[in-house]
Amino acid sequence: MDLLQLRYFQVVARYEHISRAAEELRVAQPSLSRVIARLEADLGTALFDRRGRRIRLNAYGVTFLRHVERALGELDDGRRAVRDARDQVLGRVALAAETLLTLTHLLGDFRAAHPRADVVLRQATAPEMERRLRAREVDFCLASQPLTGPTLHSVELAREEVLLAVPLGHRLAGRECVTVAEIVDEPFVTTRIGTWPRALLERLFAAEGRTPVLSCEGDEPGATGDLIGAGLGIGLVPEMSRRLPTRLPAAWLRLDAPDCHRVLSLVWDREAYVSAAALKFREFVTCRPFASHGLPGAPERSGAGRPADGGAGGRPEGVAPSGGGV
């Protein structure tokens with residue numbers, strides 16, 4: 001087997017679709033199919049289950065992919081290390097986050113402090129973040145859900161309460177607190193599966209033996225507040241969103257439910273190559289209060305990676321400006 005076969009296999013395994021993989025790789029489908037067939041012949045076993053035009057990574061393929069991603073990641077790390085040493089530059093730092101709003105002020109501050117660092121930013125769900133870390137496509141993830149992996153390490157950056165936002169004029173707009181049982185039949189504005197607002201919503205409803213009714217399902221958590229303010233439904237929004245610039249008004253309520261909060265963490269792979277730019281970024285983020293980067297509502301911390309009070313604090317106002325749920 002050769003390096004080209006491994007890279008082709010990695011892309012096919014990601015899509016589980018020959019034509020989509022061929023389009024990304026810019027090769028003909030028959031050629032790509034022959035490459036995968038030769039790789040399977042070399043290994044002596046099929047890596048995909050095939051049903052007509054559909055393919056699915058099988059147990060052997062899953063095992064092989066794990067080793068391929070590790071090997072290709074090491075090669076990519078070596079290439080970056082040589083390039084950084086040759087050019088004597090800070091290099092690149094690649095980041096992934098569920099919402100880009102979380103990084104706006106943070107990246108602005110970092111670029112001002114380190115203008116020679118190259119920054120690459122990608123939007124991803126939690127499962128996509130784990131894959132990107134394994135494949136060494138990103139150096140860090142700003143995650144609002146736990147990411148699992150034997151070599152992954154995380155540092156907590158901020159912790160905040162998650163509130164329920166409802167349109168003005170809604171039957172609950174005058175309330176200060178509600179239970180999940182009181183809202184099980186309400187239409188919800190939320191995000192797609194894999195994002196933290198959706199995961200929290202489904203967990204809260206599962207405790208009541210119910211499934212949420214969805215009126216809107218999107219990719220960007222930052223649009224949630226505006227959609228709620230427009231009257232499309234109610235939704236879960238982090239406390240920091242109350243302090244974003246005013247766009248559409250909404251009423252904010254506390255949910256009488258256990259563990260209704262979001263934890264924002266910086267996650268990285270301990271075994272991956274770390275460029276000078278990535279080292280600077282990690283130090284930049286973890287060695288100062290997260291709120292110092294202009295993130296509205298982020299709690300002050302007593303030490304690197306820990307909020308001082310362990311909670312959101314502060315009683316939510318009955319009516320507050322909406323804004324993107326980040």
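If you take the residues in region 119-175 that are acidic (Asp, Glu) and closer than 23 Å to ARG288 by Cβ, which one is surrounded by the most Cβ atoms within 10 Å (Cβ to Cβ)?
The residue in question is ASP139.
ARG111 - would you say it is under 21 Å from THR286 (Cα atoms), without any contact (Cβ under 8 Å) to a residue 12 or more places away in the chain and outside any loop (DSSP other than H, G, I, E, B)?
Against the criterion (under 21 Å from THR286 (Cα atoms), without any contact (Cβ under 8 Å) to a residue 12 or more places away in the chain and outside any loop (DSSP other than H, G, I, E, B)), ARG111 qualifies.
Considering GLY209, GLY235, which residue is in contact with a strand residue (DSSP E or B) (Cβ under 9 Å, 6 or more places away or on another chain) and either surrounded by 17 or more Cβ atoms within 10 Å (Cβ to Cβ) or at pLDDT 90 or above (or both)?
Unique residue meeting the criteria: GLY235.
Is region 222-230 home to any residue that is within 20 Å of the chain's Cα centre (by Cα), modelled with pLDDT of 90 or more and crowded, with 21+ Cβ neighbours inside 10 Å?
no
Out of all the residues in region 114-130, which are in a strand (DSSP E or B) and either basic (Lys, Arg) or free of Cβ contacts under 8 Å to residues at least 12 places away in the same chain (or both)?
Scanning region 114-130 gives a single hit, ARG122.
Please indicate, with yes or no, whether at least one residue in region 106-115 is within 16 Å of the chain's Cα centre (by Cα) and among the charged types (D, E, K, R).
No, region 106-115 contains no residue that is within 16 Å of the chain's Cα centre (by Cα) and among the charged types (D, E, K, R).
Against the conditions (1) of a type in the set (Ser, Thr, Tyr); (2) over 27 Å from VAL12 (Cβ atoms); (3) crowded, with 17+ Cβ neighbours inside 10 Å, where does THR104 fall short? Just the number, please.
Result: THR104 passes all but (3).
The values are calculated or read from the model by the stated rules, or taken from the named source; none is laboratory data. Just so it is clear, the model here is predicted, and its values are computed rather than measured. In this analysis, Cβ positions are derived from the backbone assuming ideal geometry, glycine residues included, and neighbour counts consider all displayed protein chains.
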